[in-house]
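Colleague: The following block contains the structure, expressed as structure tokens.
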Amino acid sequence: MRSIRSLGADWDGYGADPIAEQTIRQLAWLLRHDVPDRAEVGSIVPGGDGSLQAEWHLDSVELGLIVEPGGSVFAWVRPRAGPEIERSGLEARELFWSVANIYLA
């Protein structure tokens, strides 16, 4: 997360917004509380809109947790066989937690 904090305006060369400290802190808090202790480290990906995403790409499933500027939370799960599932708000945390505790534990 340290490198994310150093991203200023236009960090991608296309006018990207910097990632707000509150967005970084919120994602860090969610990861501490919703990812199993034994989980493999996922990727932290900044968004050009100031959002921040944690994602994992496993053999059987891909999953991600997104915090947008302003604090909205989204989660997505993409099984290798089946449709992508997306949720927002509290349902996002519930979806992410349930899948993370199966595949990341």
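The values are calculated or read from the model by the stated rules, or taken from the named source; none is laboratory data. Keep in mind that this is a model prediction, so the values were computed, not measured. Heads up, the Cβs are rebuilt from the backbone with ideal geometry, glycines too, and the neighbour counts pull from every protein chain shown.
Colleague: Among the listed residues ILE19, ILE85, ILE4, which satisfies the condition of being under 24 Å from ASN101 (Cβ atoms) and of a type in the set (Val, Ile, Thr)?
Modeller: ILE85
Colleague: Taking into account only those residues within the stretch 72-105 that are in contact with a helix residue (DSSP H, G or I) (Cβ under 6 Å, 6 or more places away or on another chain) and not in a helix (DSSP H, G or I), which is nearest to GLU21 (Cα to Cα)?
Modeller: VAL73
Colleague: Can you go through ALA9, ALA39 and tell me which one is small (Gly, Ala, Ser), more than 23 Å from ALA105 (Cβ to Cβ) and modelled with pLDDT under 95?
Modeller: ALA9 is the lone residue from the list that is small (Gly, Ala, Ser), more than 23 Å from ALA105 (Cβ to Cβ) and modelled with pLDDT under 95.
Colleague: Only residues that are surrounded by fewer than 19 Cβ atoms within 10 Å (Cβ to Cβ) and under 18 Å from GLU21 (Cβ atoms): list them for the stretch 54-71, please.
Modeller: To start, the set of residues in the stretch 54-71 that are surrounded by fewer than 19 Cβ atoms within 10 Å (Cβ to Cβ) comprises 55, 57-62, 68-71.
Correct list: GLU68, PRO69, GLY70, GLY71.
Colleague: I'm trying to understand the selection: among the residues of the stretch 11-52, which are closer than 17 Å to GLU68 by Cα, among the charged types (D, E, K, R) and surrounded by fewer than 18 Cβ atoms within 10 Å (Cβ to Cβ)?
Modeller: GLU21, ARG25, ASP49
Colleague: Any residue in the stretch 73-91 that's farther than 10 Å from VAL61 by Cα: show its pairings with residues that are part of a loop (DSSP other than H, G, I, E, B) at Cβ separation under 8 Å, as long as the two are six or more apart or on different chains.
Modeller: From the stretch 73-91, the pairs are PHE74/GLU68; TRP76/GLU84; SER88/SER72; GLY89/SER72.
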